[in-house]
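Sharing a structure here in structure tokens format.
Since every read-out is calculated from the coordinates, none of them should be taken as a lab result. All of these numbers come straight from a predicted model, not from anything done at the bench. A quick note on method: Cβ atoms are made from the backbone with ideal geometry, for glycine too, and the neighbour counts reach across all protein chains shown.
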Ligand code: SAM
């Protein structure tokens, strides 16, 4: 479309654009055009432009991305996992409308799914309603690492990215880190990338297959040993080995504290995840750890951290606890 533009050499482009923007004259509805060595900056009021050459020039209309909210008239709740979009809707009809809007919008999505159950069973995999597309395998990026996974076969929550990063930042080169409930490796792989020697276990064979693939994908296979199986049965092979233990199995981690103590070296930090009522977020976990580790170890709680709200009045929390052989 032909619109009034300030014409300047490209070399003066940024200062000119800035001066016009300061005077509130840049027209936001059109794109700036570059042709050869000349820049055309669309302006809202050519008569108000002072000290520049104003011409009429062809500039494309600026297209603002269409969001699902533009199409629906309300802001839907959804999150991304690679190129899968996960909506969070109890009403199936509303979920379908949101899926349609996501596909019609400029959100990049190969598949749209809705949660069809809570995470469940030993492997903590949930059921999904696939609302659009069919591919449930994806590659998700988190803090510079890539994780391949299939949401119908393994547990993975993108909401824990910040929490995982908090733990990984504590890792020191050369330490022995044991991820007892490793999933596809979102703790194990960054810990190996931080130069820890990592052992990762998971009872879900599919998760361990993905973990091995993800270790290769992120170039850390030489520092990751992965085992499929019940961590309790692997403990004998790693007795006294771990300087760091990740226990990300909220609800049931307490049942594995004896195993954790077996795995612990003379100095060991445990990242213990729990879900508790707001009235007593940390003390049940702390008591359970002391019961399992004392008197063989001195127990110090380093951090009491709330990861996220889990349900009304319930929180997903993490205790970073140091064990030192007494
Ligand atoms: N840490 C991973 C993450 O952040 O994505 C996975 C956490 S998920 C909440 C818990 C994992 O523990 C599941 O992948 C499940 O298969 C595994 N698991 C459950 N019981 C186990 C056991 N006895 N031994 C080893 N892994 C187990």
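Please identify, among 29, 230, 274, the residue showing maximal mean-square fluctuation in a Gaussian network model of the chain using a 10 angstrom Cα cutoff.
Per the Cα network of the chain with a 10 Å cutoff, 29 tops the list.
Restricting to Cα atoms and excluding each atom paired with itself, what does the Kirkwood estimate give for region 97-169 in Å?
When all Cα pairs of region 97-169 are included, the Kirkwood radius is 13.9 Å.
Turning to a different aspect of this structure: Given contacts defined as C-alpha pairs under 8 Å and at least six residues apart, what's the relative contact order of region 132-236, whole-number percent? Could the numbers behind the result be given before it?
Details: 181 pairs, mean separation 25.4, N = 105.
In percent, rounded to a whole number, it is 24.
To the nearest 0.05, what FRET efficiency results for residue 45 and residue 132 with a Förster distance of 35 Å applied to their C-beta separation?
It comes out at approximately 0.20.
Quickly work out the residue 14-to-residue 237 label distance, labels modelled 7 Å from Cα along the C-beta direction, and quote it in nm with one decimal.
5.6
For region 2-120, what does the relative contact order come out to in percent, with C-alpha contacts under 8 Å and a separation of six or more?
23
Once fully extended, how much extra length lies between residue 90 and residue 326, figured as 0.36 nm per residue of separation less the alpha-carbon to alpha-carbon distance?
Additional length available on full extension: 79.8 nm.
Hey, another quick one. Along its three principal axes, how long is region 1-125 when you only count alpha carbons? Whole Å, largest extent first please.
Computed over region 1-125, the largest-to-smallest principal extents equal 71, 28, 24 Å.
Assign one of three labels to region 158-211, namely rounded, prolate or oblate, based on the Cα gyration tensor with a ≥ b ≥ c the square roots of its eigenvalues; rounded applies when a/c is under 1.5, prolate when it is not and a/b is larger than b/c, and oblate otherwise.
Oblate, since a/c reaches 1.5 and b/c is not below a/b.
Can you tell me the FRET efficiency between residue 266 and residue 118 if r is taken as the Cβ-Cβ distance and R0 is 41 Å, rounded to the nearest 0.05?
That pair, residue 266 with residue 118, gives E of 0.55.
Below 8 Å between Cα atoms, with a sequence gap of 6+, how large is the relative contact order for the chain in percent?
9
From the square roots a ≥ b ≥ c of the eigenvalues of the alpha-carbon gyration tensor of region 206-246, which class results: rounded (a/c under 1.5), prolate (a/b over b/c), or oblate?
Values: a/c = 2.74, a/b = 1.54, b/c = 1.78.
Here region 206-246 falls in the oblate category.
Along each of the three principal axes of the Cα atoms of region 192-274, give the extent in whole Å, ordering the values from largest to smallest.
Largest to smallest, the principal-axis extents are 33, 26, 24 Å.
Can you give me the Kirkwood hydrodynamic radius for region 67-133, using every pair of distinct Cα atoms, in Å to one decimal?
Values: mean 1/r = 0.0824 Å⁻¹.
Kirkwood hydrodynamic radius for region 67-133: 12.1 Å.
Evaluate region 202-326: find the radius of gyration of its Cα atoms, find its Kirkwood radius, and give the ratio Rg to Rh.
1.00
Still on this model: Volume per residue, Å³, of the convex hull around the alpha-carbon atoms of the chain?
Roughly 196 Å³ of hull volume per residue.
Any chance you could check the Cα centroid distance between region 190-226 and region 68-112 for me, in angstrom?
So the two Cα centres are separated by 32 Å.
Rounded to the nearest 0.05, what FRET efficiency do residue 221 and residue 314 give with R0 = 35 Å and r taken as the Cβ-Cβ distance? Could you check?
Calculated transfer efficiency: 0.35.
Can you pull the one-decimal nm distance between simple spin-label points at residue 162 and residue 141, each 7 Å off the Cα toward Cβ?
About 2.1 nm, to one decimal.
Taking 1 over the mean of 1/r across every pair of different Cα atoms in region 89-219, what Kirkwood radius in Å do you get? Can you show the working numbers first?
Values: mean 1/r = 0.0626 Å⁻¹.
Mean inverse Cα-Cα distance, inverted, gives 16.0 Å.
Mind telling me which of 256, 156, 52 comes out most flexible in a GNM of the chain, alpha-carbon contacts under 10 Å?
52
Now a separate question. Using the basic label-point model (7 angstrom from Cα toward the beta carbon), what is the residue 300 to residue 63 distance in nanometres?
Placing both labels 7 Å beyond Cα along the Cβ direction yields 5.9 nm.
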